[in-house]
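Encoded as structure tokens, the structure appears first; notes follow it.
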Amino acid sequence: MPTFGTGRRVAIVSGVRTPFARSGTLLKDYTAIDLGKLAVAELVQRTALDGAAVDLLVFGTVVQAVTAPNIAREVSLLPHFPKTLQAYTVSRACASANQAITDAADQITLGHAHVAIAGGAESLTQVPILHSRGMSDVLVAASKAKSLPQRLGILAQLRPKDFIPITPAIAEPSTGESMGQSA
């Protein structure tokens, strides 16, 4: 096993994963946070790891949840770990989990951690769906209306095109390349 400048060795001791499933099928009711928690809880159980021994939890995700943007923090709140566990999220397109593993290894190498958990989770069924700018503007204006007739008048401005959702892209907006192409 190679050592680095500090002489500290890094070893991946164990790993678990959730099964692959097509979007909208078997795992459709699980968020990325749910999947991350399931995998980490199983890892802790299989390895009999004392959660208090973990210094760091790093998790990667491609499409972060708007309501919970730090998936690592959410996973770290499992009862296995102290509430003070350092946890952060990384995003590097398709390589997010790999980046999390690399970051954890770096922190061990540098002496900032002795035991780290790293991984990634994604739920393409539960990605945030956005509305057009026109829909957003109308909804904000309607929420500020003082009366029902005023609110209905504002909502009447909506057009069929405003109901077409904007889904997260897996292509770079500047180049049009998919994550795989740009990697």
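For the condition closer than 22 Å to Ile108 by Cβ and surrounded by fewer than 17 Cβ atoms within 10 Å (Cβ to Cβ), what is the one hit in Gln86, Gln45?
Working: Gln45 fails: closer than 22 Å to Ile108 by Cβ.
Criteria check complete, one pass: Gln86.
Restricted to the stretch 23-46, and to residues there that are outside any helix (DSSP H, G or I) and in contact with a Leu (Cβ under 9 Å, 6 or more places away or on another chain), the residue that is modelled with the lowest pLDDT is Ser23. What are the residues in the stretch 89-130 that are crowded, with 16+ Cβ neighbours inside 10 Å and assigned to a strand (DSSP E or B), if any? Of everything in the stretch 89-130, those that are crowded, with 16+ Cβ neighbours inside 10 Å and assigned to a strand (DSSP E or B) turn out to be Thr89, Val90, Arg92, Cys94, Ala116, Ile117, Ala118, Gly119, Gly120.
Being under 15 Å from Ala32 (Cβ atoms) and of a type in the set (Ser, Thr, Tyr) narrows it down to one residue among Thr109, Thr125, Thr102; which is it? Only one candidate qualifies: Thr125. Can you tell me which residues in the stretch 127-150 are of a type in the set (Gly, Ala, Ser), under 18 Å from Pro168 (Cα atoms) and either in contact with a Gly (Cβ under 8 Å, 6 or more places away or on another chain) or in contact (Cβ under 8 Å) with a residue 12 or more places away in the chain (or both)? Scanning the stretch 127-150 gives Ser132, Gly134. Please verify whether the stretch 163-181 includes one or more residues that are surrounded by 15 or more Cβ atoms within 10 Å (Cβ to Cβ), farther than 28 Å from Tyr88 by Cα and either touching a Cys at 6+ places or on another chain (Cβ under 6 Å) or not assigned by TED's automatic domain parsing to the domain that holds Tyr30 (or both). No; the residues of the stretch 163-181 include none that is surrounded by 15 or more Cβ atoms within 10 Å (Cβ to Cβ), farther than 28 Å from Tyr88 by Cα and either touching a Cys at 6+ places or on another chain (Cβ under 6 Å) or not assigned by TED's automatic domain parsing to the domain that holds Tyr30 (or both). Taking first residues from the stretch 66-84 that are within 10 Å of Ile117 (Cβ to Cβ) and partners that are among the acidic types (Asp, Glu) and surrounded by 12 or more Cβ atoms within 10 Å (Cβ to Cβ), no Cβ contact under 7 Å between residues at least 6 apart in sequence or on separate chains turns up.
If a residue has to be without any contact (Cβ under 8 Å) to a residue 40 or more places away in the chain and in a loop (DSSP other than H, G, I, E, B) to count, how many in the stretch 151-169 make the cut? Give the steps one after another, and end with the answer.
If we filter the stretch 151-169 for residues that are without any contact (Cβ under 8 Å) to a residue 40 or more places away in the chain, which is where we start, we get 151-166, 169.
Going one step further and asking which of them are in a loop (DSSP other than H, G, I, E, B), we end up with 156-159, 164-165, 169.
Count: 7.
Checking the stretch 39-49 against the condition returns no match, with no residue being more than 18 Å from Arg17 (Cβ to Cβ) and charged (D, E, K, R).
May I ask you to verify whether Val75 is within 23 Å of Ile166 (Cα to Cα) and either outside the structural domain of Ala171 (by TED's automatic domain parsing) or touching a helix residue (DSSP H, G or I) at 6+ places or on another chain (Cβ under 7 Å) (or both)? So that I can check it myself, show each step before the final result.
Working: within 23 Å of Ile166 (Cα to Cα): no; either outside the structural domain of Ala171 (by TED's automatic domain parsing) or touching a helix residue (DSSP H, G or I) at 6+ places or on another chain (Cβ under 7 Å) (or both): yes.
Taking the combined requirement at face value, the residue does not satisfy it.
Number of residues in the stretch 47-88 that are in a loop (DSSP other than H, G, I, E, B), over 28 Å from Leu130 (Cβ atoms) and not charged (D, E, K, R): the value is 10. Residues in the stretch 67-83 that are charged (D, E, K, R) and surrounded by fewer than 19 Cβ atoms within 10 Å (Cβ to Cβ) were compared, and the one that is farthest from Ile33 (Cα to Cα) is Lys83.
The values are calculated or read from the model by the stated rules, or taken from the named source; none is laboratory data. Just so we're clear, the structure is a prediction, and the values are computed from it rather than from any experiment. As a convention, Cβ positions derive from the backbone with ideal geometry for all residues, glycine included, and neighbour counts pool all protein chains shown.
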